[in-house]
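Colleague: Sharing a structure here in structure tokens format.
None of the figures in this text is laboratory data; all of them are computed from the coordinates on show. Treat the numbers as computed from the prediction; the structure is a model and nothing was measured. A quick note on method: Cβ atoms are made from the backbone with ideal geometry, for glycine too, and the neighbour counts reach across all protein chains shown.
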Amino acid sequence: MAALFDPGVRVLVTGGASGIGAGLSRAFAAAGCQVTATGLSQTELNAADAGDGTTLKLLDVRDDTAIAAVMATFERLDVVVNCAGVAFHQREEFDPAVFATVLDVNLTGTMRVSAAARPLLAANSGAILTLASMNSFFGAPGAPGYASSKGGVVQLTKSLAIAWARDGIRVNAIAPGGIETPMTAALRASEHASKRALDRTPMRRWGTPDDLAGAALFLASPAAAFVTGAVLTVDGGYSIT
């Protein structure tokens, strides 16, 4: 079977030092891409489980100057994967300041990175992959900021897909369900909450970052050359029950 990507394809994965981002960084590296993964702290980078040969960089997606500095390190960029994200629990997101922080990272951060990468991607008919969520479609009574931000990511994905098609840039999203990451650790540790989630999931298990790899690689690759504005749900069937 032919490789999904040509040699030398350059991929930037924000939030790529841990969780879903780290899983996707490994997947793109295994597919032969040259991957740069970012993390918010040096501690996170030191603990990163990225793919072989992956370059690690510090990046706060709330900082336009830092984003510009990272983009300046690329002579070529083919794919941007927007995985940087935060969520707060115990109803913290009902505090307007915390709510604003979640939107700033998850939604506006995705826009900042995508806009900064646009000239490089346009030069190579590149692709953007955003990280939506099952909470893009369902309310989250304990995390209104997270659900709002992920709903916004879906509309941002569709809007950029339309606006930037003339640049040859495709913009798609994956919408994960419950995935085993540090962000979901508290939920998975709660017997009641975990059972409730799994009882609604036809496949009756939590997903892993590796479960997202196939969808992400497809949408970012030439195999999806006529796909843009799509939101591919990867949730074990949660959203259809």
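Colleague: Tell me which GluC sites (Glu not before Pro) from region 8-107 have a DSSP coil assignment and no more than 11 other beta carbons within 10 Å of their own.
Modeller: 75
Colleague: Hey, which lysines would be in cross-link range of residue 150, C-alpha to C-alpha under 20 Å, not counting anything within fewer than 8 residues on its own chain?
Modeller: 158
Colleague: Moving on to the next point. Restricting to Cα pairs below 8 Å that are 6+ residues apart, what does the relative contact order work out to for region 1-134? Please round to a whole percent.
Modeller: Once divided by the residue count of region 1-134, the mean separation gives 24 percent.
Colleague: Something else: Explain nothing, just the number: relative contact order of the chain, from Cα pairs under 8 Å at least 6 residues apart, as a whole percent.
Modeller: 19 percent
Colleague: May I pose another question? Residues in region 40-78 near a label at residue 115, defined as backbone nitrogen under 16 Å from the 7 Å Cα→Cβ point?
Modeller: In region 40-78, the label zone of residue 115 (backbone N under 16 Å from the point 7 Å along Cα→Cβ) covers 61-69, 71.
Colleague: Hey, another quick one. Could you name the aspartates and glutamates in cross-link range of residue 57, using Cα to Cα under 17 Å and dropping any fewer than eight places away on the same chain?
Modeller: Partners found: 44, 49, 75.
Colleague: Specify the angular offset, from 0 to 90 degrees and rounded to the nearest 10, of the alpha carbon long axis of helix 144-164 from the longest principal axis of the alpha carbons in the chain.
Modeller: 30 degrees
Colleague: Also, quick follow-up: So what's the gap between the Cα centers of region 192-241 and region 72-124, to the nearest angstrom?
Modeller: 20 Å
Colleague: Multiply the residue gap between residue 155 and residue 43 by 0.36 nm, knock off their C-alpha separation, and tell me the result in nm, one decimal place.
Modeller: 37.0 nm
Colleague: Moving to a separate point now. Convert each backbone phi in region 68-76 into a coupling constant with the Karplus relation 6.51 cos²θ - 1.76 cosθ + 1.60 (shift: θ = phi - 60°), then list the ³J(HN,Hα) values in order as whole Hz, x for Gly and Pro.
Modeller: Along region 68-76, the couplings run 4, 5, 5, 4, 5, 7, 9, 7, 9 Hz.
Colleague: Further question: Report which label in [x] 27, 20, 18; [y] 28, 27, 18; [z] 51, 17, 15 holds the value of semi-axes √(5λ) of the Cα gyration tensor in Å derived from the coordinates of this structure.
Modeller: [x]
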